[in-house]
1. Please list the non-local residues whose amide H lies under 5 Å from the amide H of residue 155, H modeled 1.01 Å from N, same-chain partners needing a gap of 5 or more.
2. Based on the inverse mean of 1/r over its pairs of different Cα atoms, what is the Kirkwood hydrodynamic radius of the range 265-375, in Å?
3. Which of 58, 454, 235 sits farthest toward the positive end of the charge dipole of the chain, with +1 on the Cβ of Lys and Arg and -1 on the Cβ of Asp and Glu?
4. Could you check the spin-label model distance between residue 104 and residue 49? Points 7 Å from the Cα along Cα→Cβ, value in nm.
5. Specify the inter-centroid distance of the range 250-303 and the range 373-434, based on alpha-carbon positions, in whole Å.
6. Work out the FRET efficiency for residue 289 and residue 427 from their Cβ-Cβ distance, taking R0 = 25 Å, and round it to the nearest 0.05.
7. Rank-order 201-211, 103-113 by packing density, defined as the average count of other C-beta atoms within 10 Å over each peptide's residues, highest first.
8. With an 8 Å Cα cut-off and a minimum separation of 6 or more residues, compute the relative contact order for the chain in percent.
Amino acid sequence: MKFNEPQQLPDVTDNPLQLAFKRRAPLMPWRDKQAVEPERWTDIWQQICHQSAKQRHGQRLTYVHIPFCANHCLFCGFYRNKYRTEFSSTYTDALLHEIDKDIDLHLVGDQPIDALYFGGGTPTALETKDLARLIEEACELLPLSNDCEITLEGRIHHFSPDKIKACLDAGVNRISIGIQSFDSQVRQSQGRRATGEEAAVFIADLISWQRATIVIDLMYGMPQQTPEIWEQDIATSLQLAPDGLDIYCMNVFPGTPLFAAIKANKVQPTATLAEQAEMFGQAFKKLRDASWQCLSNSHWGRNDRERNRYNRLIKTGVDTLAFGSGAGGSAGDFSYSLSGDLQDYYNKVSSGEKALTGMQQADAYQSLRDQVTGDMETGKLSLPALKSIASTQFSDSQANCLITELEPMVEHWQRAGLARMEGELIVLTIAGRFWSNNLVTTLNQRVTHTLTNIQRGNTK
Ligand code: SF4
């Protein structure tokens with residue numbers, strides 16, 4: 001890989017927000033990991049399970065996946081199974097069985113869990129009694145820290161006041177609702193059933209419980225979502241005043257209904273990249289001016305109730321226990337995924353097996369890339385901190401060599417209007433935050449390339 005390979009470095013232009021790169025890089029956490037051969041999965045899993053998590057210190061996460069949705073939202077690439085009432089108790093039983101079986105493993109029980117996330121799919125699709133017992137029993141079984149963030153992801157549809165109360169009583173202390181837009185037409189064009197007004201009333205009611213941190217997800221760049229509609233989406237969010245706000249860019253993935261619908265001219269195209277960049281900048285300035293805190297490149301907090309712990313830590317590569325069909329987790333050098341095929345998942349859980357469907361192994365440079373990814377997600381990067389982590393694995397002169405190789409790239413970001421220095425800290429500008437995936441990808445490639453050369457003795 002050459003340092004000045006096309007797309008590696010941003011263009012220096014008078015409009016970095018719109019023009020720094022020709023396209024946005026997807027950030028794929030498994031990109032730098034090597035697939036492990038299936039015949040080794042069971043042995044490696046046994047080793048992982050019996051190693052104490054205490055050896056790795058640090059914070060830990062747990063992800064519980066509920067792979068059902070009422071319908072397939074047009075834009076979504078995560079849809080797996082249409083929800084049917086009869087799935088609720090069978091799936092809940094299987095999940096609790098899986099957690100209960102793993103609880104005695106050193107991997108699971110040895111160290112407190114700092115954030116527990118019930119995601120999907122749509123966890124709130126489950127029947128009230130099943131969802132409540134899932135949360136309550138998972139909280140009882142897992143070694144949660146005293147201040148554990150316990151998030152439930154949900155949709156307005158089928159999330160009745162009775163279900164909300166049951167989830168809060170069961171221990172949920174953070175609820176994240178996918179809204180996407182408060183504009184009825186935009187919502188309905190993406191398969192969302194509630195109108196914008198109904199969505200706003202739902203969020204206001206949820207906030208009024210005053211028993212959990214409330215987060216809403218918005219999306220920009222959707223078909224029919226003009227800059228004026230987006231401005232109104234932000235204004236409505238500010239008015240509702242949830243504790244946290246996620247702001248995602250609409251991406252059209254091949255295989256999604258939206259991809260097919262746009263191709264067939266049944267739905268208007270999404271906003272162009274330049275329009276999406278402007279929408280990002282517009283939201284950034286509005287939220288900053290309203291004194292919200294930018295907790296990560298896509299997440300804002302209105303107050304200190306919102307910690308965004310799970311979403312922040314997952315980017316730093318900390319150990320994540322995974323439960324449920326389609327879930328993914330990591331432990332030490334290994335990442336793993338669990339079968340998305342429901343019947344396969346049920347069969348494996350009932351026979352006492354972990355339903356592994358994939359495994360990857362990280363190389364020796366992963367902790368440095370994790371540091372880069374985690375730091376950049378918060379819009380800041382410290383090269384001295386990176387150097388001190390490198391010094392724990394390499395000699396001082398090799399760690400110095402790594403930083404020397406990275407510095408020209410960071411200087412170029414500054415010329416391109418994507419970063420500025422605050423003391424020794426590299427701080428991303430608004431444009432740098434919009435293009436952060438490109439910057440992280442490039443920087444991590446550079447870390448790997450440089451350290452590989454150092455190991456081979458190819459550098460000074
Ligand atoms: S956006 Fe959420 S609710 Fe809609 S299909 Fe995707 S996972 Fe299901």
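1. For residue 155, whose amide H was placed from the backbone, the distant partners under 5 Å are 124.
2. Mean inverse Cα-Cα distance, inverted, gives 17.6 Å.
3. The residue sitting farthest along the positive end of the dipole is 454.
4. The two pseudo-label positions are separated by 1.1 nm.
5. A separation of 27 Å, based on Cα centres.
6. Plugging the Cβ-Cβ distance into 1/(1 + (r/R0)^6) gives 0.85.
7. 103-113, 201-211
8. For the chain, the relative contact order is 19 percent.
A short reminder: the numbers here are calculations on the coordinates, not readings from a lab. All figures in this text were calculated on a predicted structure; none of them were measured in a lab. Cβ coordinates were reconstructed from backbone atoms using ideal geometry, including for glycine residues, and neighbour counts include every protein chain displayed.
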